[in-house]
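First comes the structure, then the notes that go with it.
The values are calculated or read from the model by the stated rules, or taken from the named source; none is laboratory data. From a predicted model like this one, the values you see are computed outputs, not experimental measurements. A quick note on method: Cβ atoms are made from the backbone with ideal geometry, for glycine too, and the neighbour counts reach across all protein chains shown. Accessible surface areas use protein heavy atoms only, side chains included; no ligands, DNA or RNA. Shrake-Rupley method; radii C 1.70, N 1.55, O 1.52, S 1.80 Å.
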Amino acid sequence: MEQLDCDVLIVGGGNAALCAALSAKENGGKVLVLETAPKDWRGGNSQHTRNLRSMHTEPTDVLSGSYTEDEFYEDVYRVSEGETNEEYARFVISQTPKIVQWAKSYGVRFQPSLGGTLQLGRTNAFFLGGGKALLNAYYHAAKRLGIEVVYECEALDLCIQDDICKYILVRNKKTGETKKIKAKSYVIASGGFESNLTWLKEAWGARADNFLIRGTRYNQGLMLKVLKKEGAKILGDPTQGHMVAIDARAPKYDGGIVSRVDCVSLGIVVNKNAQRFYDEGEDFWPKRYAIWGRLVANQPDQIAYCITDSKVLDKYMPSLFPPIVASSIADLAEILKLDKNALEKTVSDYNNSVVPSKFDHMILDGCKTKGLEIEKTHWAQKVDTPPFYCYPLRPGITFTYLGVKVTKNAQIVKEDGSVCKNLFAAGEIMAGNILSKGYVAGFGMSIGSVFGKIAGENAAKFF
């Protein structure tokens with residue numbers, strides 16, 4: 001059965017998809033949104049977010065100081081070790097101030113700039129109420145403007161002929177009915193493939209069995225596979241993505257941002273052999289937190305343990321789960337089922353190498369160790385004051401970077417270099433145009449918002 005339901009069909013229900021829907025409506029389109037999740041779980045990974053990163057040249061109502069395009073780009077360049085597309089990265093960065101204002105126009109509220117240990121008050125605009133509040137504002141605006149949203153409706157396939165998308169095949173998950181939907185233009189904003197455990201295992205091997213998906217369970221990558229089948233140019237490495245160290249006791253899916261463990265830089269981290277494996281004090285946690293997922297993923301059995309003591313208990317955000325507490329390192333080793341002698345030696349060697357200095361977790365204080373194979377370069381204090389605290393860590397994948405190539409108009413590019421005229425992409429499914437390695441907090445939401453708005457605008461202009 002074929003039917004003409006809308007001018008612009010949006011596949012996906014997260015931030016990028018809603019930005020595209022609202023933008024398309026602004027530009028005169030009749031818009032239909034297909035969300036594969038039930039209404040209670042709508043919003044993809046955006047429901048678990050807290051902020052977006054934005055440049056600004058002077059203090060605003062939600063950001064302190066200034067954060068220039070160059071500094072923003074340098075942060076992206078550093079965490080990606082240079083593996084980013086500067087033209088596209090700067091393009092997104094330059095659009096972020098407008099996006100904050102545009103979001104406000106649809107009822108999104110932001111917190112006043114933050115202080116404390118997060119170090120993000122100058123760079124990241126936090127949503128008042130978090131990602132769910134952001135999504136609720138966009139969904140309420142969509143309803144008010146007459147944008148139809150169909151939940152539990154999964155896009156299965158699409159057809160491209162002569163660089164034109166002809167239709168999308170969808171399945172109503174409640175009734176099992178499948179049908180073709182023809183629109184004048186289409187925006188694919190259905191996320192990455194991080195929830196597809198089979199695909200993760202193809203990329204990572206057996207290590208993927210121990211990964212936790214801290215985001216939505218609905219990002220199965222189906223449209224990414226379909227676009228590849230239809231000749232879209234695919235970018236990126238399937239093993240690359242936004243992966244952080246999260247509490248090993250978090251659920252398999254949807255642990256969200258609260259499952260992240262934020263005290264790594266204040267203690268030491270050991271693997272199952274009770275050995276340290278990386279400099280915990282390399283940089284401020286928000287700038288380097290994203291590397292720890294991959295570090296843990298490459299440890300035996302993909303497990304690690306962050307150990308601190310009572311001296312730093314009030315210097316980090318509490319985790320969702322209470323820490324494991326012990327009165328001695330030996331007792332902690334017994335609880336964690338680690339080799340007691342090995343853990344005591346690791347902690348003793350670390351303590352003996354700490355160079356006395358003035359500790360200050362608010363700056364790069366230079367408190368360091370000297371003489372270890374793996375030094376700690378900042379915030380190195382002895383772990384010697386009981387009780388001792390531990391958080392077990394697992395790799396927590398948020399989203400993948402494998403995606404489709406797009407133009408700066410968000411049009412999907414094919415392998416032969418041609419451009420799909422009425423087929424656009426936004427959000428995680430095209431973030432690989434900019435994100436190839438590493439991550440800087442809030443940039444995914446910046447990319448999704450900027451390209452979502454652009455995709456909707458150009459999809460509406462197509463007809």
Problem set entry | Count of residues meeting criterion [more than 18 Å from VAL383 (Cα to Cα) and touching a Gly at 6+ places or on another chain (Cβ under 8 Å)] in the range 266-301 | 3
Problem set entry | Checking GLU202 against (1) closer than 30 Å to VAL258 by Cα; (2) in contact (Cβ under 8 Å) with a residue 60 or more places away in the chain; (3) open to solvent by 10 Å² or more (accessible area, probe 1.4 Å), the condition it does not meet | (2)
Problem set entry | Filter result for the condition that a residue is open to solvent by less than 20 Å² (accessible area, probe 1.4 Å) and either of a type in the set (Lys, Arg) or over 27 Å from the mean Cα position of the chain (by Cα) (or both), over PHE399, PHE443, PHE388 | PHE388
For this session: Determine if the range 336-351 includes at least one residue that is in contact (Cβ under 8 Å) with a residue 12 or more places away in the chain, hydroxyl-bearing (Ser, Thr, Tyr) and open to solvent by 40 Å² or more (accessible area, probe 1.4 Å).
Result: no
For this session: Working only within the range 66-75, note down all residues that are in contact with a strand residue (DSSP E or B) (Cβ under 9 Å, 6 or more places away or on another chain) and open to solvent by less than 30 Å² (accessible area, probe 1.4 Å).
Result: TYR67, PHE72, ASP75
Problem set entry | Matching residues in the range 155-182 - criterion: being farther than 23 Å from ARG42 by Cα and outside any strand (DSSP E or B) | ASP162, ASP163
Problem set entry | Filter result for GLY192 (at pLDDT below 95, within 21 Å of the chain's Cα centre (by Cα), part of a loop (DSSP other than H, G, I, E, B) and buried (at least 17 other Cβ atoms within 10 Å of the Cβ)) | no
Exercise. Restricting attention to the range 82-103, does a residue exist that is open to solvent by 10 Å² or more (accessible area, probe 1.4 Å), farther than 28 Å from GLU26 by Cβ and of a type in the set (Phe, Trp, Tyr)?
Worked result: no
Exercise. Among the residues of the range 5-62, which ones are within 20 Å of TYR253 (Cβ to Cβ), among the polar types (S, T, N, Q) and in contact with a Leu (Cβ under 9 Å, 6 or more places away or on another chain)?
Worked result: ASN15, THR36, SER46, GLN47, THR49
Exercise. In a loop (DSSP other than H, G, I, E, B) and open to solvent by 40 Å² or more (accessible area, probe 1.4 Å), is that true of THR60?
Worked result: yes
Exercise. Do we find that MET317 is open to solvent by 50 Å² or more (accessible area, probe 1.4 Å) and closer than 27 Å to LYS437 by Cβ in this structure?
Worked result: yes
Exercise. Which of the residues spanning the range 256-274 are of a type outside the set (Asp, Glu), surrounded by fewer than 22 Cβ atoms within 10 Å (Cβ to Cβ) and within 23 Å of the chain's Cα centre (by Cα)?
Worked result: ILE257, VAL258
Problem set entry | Options PRO323, PRO300; residue that is without any contact (Cβ under 8 Å) to a residue 40 or more places away in the chain and on the phi < 0 side of the Ramachandran plot | PRO300
Exercise. Looking at the range 251-310, which of its residues are within 15 Å of ILE374 (Cβ to Cβ), in contact with a strand residue (DSSP E or B) (Cβ under 8 Å, 6 or more places away or on another chain) and among the small types (Gly, Ala, Ser)?
Worked result: GLY267, ALA304
For this session: Report, ordered by the first and then the second residue, all pairs with beta carbons closer than 7 Å, sequence separation of six or more or different chains, a first member in the range 215-244 that is over 28 Å from ILE257 (Cα atoms) and in a strand (DSSP E or B), and a second member that is open to solvent by 60 Å² or more (accessible area, probe 1.4 Å) and among the charged types (D, E, K, R).
Result: ILE234/LYS228
Exercise. With respect to the numbered conditions (1) modelled with pLDDT of 95 or more; (2) among the hydrophobic types (A, V, I, L, M, F, W, C); (3) closer than 16 Å to GLY267 by Cα; (4) open to solvent by 50 Å² or more (accessible area, probe 1.4 Å), which one is the sole condition not fulfilled by ALA326?
Worked result: (4)
